[in-house]
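Where a number appears in this text, it was derived from the coordinates with a stated rule and is not lab data. Not measured: the values here are computed from a predicted model. Here the Cβ is made from the backbone with ideal geometry for all residues, glycine too, and neighbour counts use every protein chain on show.
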Amino acid sequence: MTGAATTLDVRTRESMKRTTFFEMFVRLAAIAVTAIGLIAMTNASARAEAKPEDVRIDGADGLKMGGTYYPGQAGKPGLILLHMLSRTREDWRGFALEAQQKGYHVLALDLRGHGASNRLADGTHLDGNGMPNSEFQKMPDDVAAAVQWLRTKKVAEDRIGLVGASVGANAALVAAAKPETNIRALVLLSPGTNYKGIETLSAAETYTGPAFMATGNNDRNAFISTKKLEKVMGERATVKYYDGLDHGNFLFNANRELEPLVFQWLVDHLDS
């Protein structure tokens, strides 16, 4: 009986060890699942708290610019979005929200004389529909000021891109040619060689980074201008030509492939 009892004791102890190990495994697994859940909840909470906010930014010569900032993830690239003539930053809202979901810090800006960017420090009112070209030519300086503002956020300071449509594309390109902006990438929808006195050919030579351009084949001025800019930029330019007259942001509506193409191009040229 003693031998049988000893064998039973050994089996009992081994069974207890297996049970204890299993319980520990279950507990550790439960802790891991709880931790993962807490992390997911924290990330979801952070995304929920990162709501767009309207901001005021000092532009050139005392202009008070209006914009909407879409906070991104710490250390991710930044984007500044620039609208077409006689439009506002609201044209970029859908694109901005998508970019924010991808982690980008986004600033959609009202250009000089448009939207909330319509008053100088001395109270002078600016109307983009009647402004002289000399006021339009200050837009690139306004954009440069917006770039410096964005760098005060938790953005990768050396990875900021400009995305512009029509006159906003011209302002973006000229701003990118300024050494102090240190722009990494450009997206230009229906750019021109000269919109409202904002000339771009020399800026295209000075700016040494990559650019993505898109325009409509039948949008005559933008088409001819894009061809000229493509020739100046050479291999630095990625260009998409679409059938039709669609201009600026309206290219997105007519060509559903364009927005995903732009975001993939940004991943390749701005994220890395």
Can you give the net charge of the other residues whose Cβ lies under 11 Å from the Cβ of residue 219, counting K and R as +1 and D and E as -1? -1
What list of ³J(HN,Hα) values in whole Hz, one per residue of region 253-268 in order, does the Karplus curve 6.51 cos²θ - 1.76 cosθ + 1.60 (θ = phi - 60°) give from phi, with Gly and Pro shown as x? 5, 7, 9, 5, 6, 5, 4, x, 4, 4, 5, 5, 4, 5, 4, 6
Find how much the distance from residue 272 to residue 101 grows on full extension, using 0.36 nm per residue of separation minus their present alpha carbon separation; answer in nm with one decimal. 59.8 nm
By its C-alpha gyration tensor, with a ≥ b ≥ c as the square roots of the eigenvalues, how is region 131-272 shaped: rounded for a/c under 1.5, else prolate for a/b larger than b/c, else oblate? oblate
For residue 187, what residues show an amide H to amide H distance below 5 Å, using hydrogens built from the backbone and excluding near sequence neighbours? 162, 163, 164, 212
Here are some pairs, 138/228; 196/228; 102/153; 76/153; which of them have Cα atoms lying more than 20 Å apart in this structure? 138/228
Where both residues lie in region 54-139, what percent of DSSP beta bridges are antiparallel, nearest 5? 70
If you plug each phi of region 227-243 into the Karplus form 6.51 cos²θ - 1.76 cosθ + 1.60 with θ = phi - 60°, what whole-Hz ³J(HN,Hα) values come out, in order, with x for Gly and Pro? 4, 5, 5, 4, 5, 5, 7, x, 5, 6, 9, 10, 10, 10, 10, 10, 5
Quick one: 3J(HN,Hα) in Hz for region 211-226, Karplus 6.51/-1.76/1.60 with θ = phi - 60°, rounded, Gly and Pro as x. 9, 10, 10, 9, 7, x, 4, 9, 8, 3, 4, 5, 5, 4, 5, 4
Just want the answer: with Cβ charges of +1 for Lys and Arg and -1 for Asp and Glu, which residue in 105, 123, 181 is farthest toward the dipole's positive end in region 81-211? 105
Report the gain in length on full extension from residue 148 to residue 56: 0.36 nm times residue separation, minus Cα-Cα distance, nm rounded to one decimal. 31.8 nm
Fewest-first ordering of 86, 272, 190 by Cβ atoms within 10 Å yields 272, 86, 190
From fewest to most C-beta neighbours within 10 Å, the residues 155, 267, 55 line up as 267, 55, 155
What is the distance, in nm, between label points placed 7 Å from the Cα along the Cα-to-Cβ direction at residue 245 and at residue 199? 3.0
Out of all DSSP beta bridges with both ends in region 128-271, state the antiparallel percent to the nearest 5. 10
Could you pull out every residue, at least 5 positions away or on a different chain, whose amide H is within less than 5 Å of the one on residue 246? Hs are placed 1.01 Å off N in the peptide plane, and Pro or chain starts have none. none
For the residues 69, 241, what sequence is obtained by ranking on other C-beta atoms within 10 Å, fewest first? 241, 69
On full extension of the chain, what length is gained from residue 220 through residue 157, given 0.36 nm per residue of separation minus the C-alpha to C-alpha distance? 19.0 nm
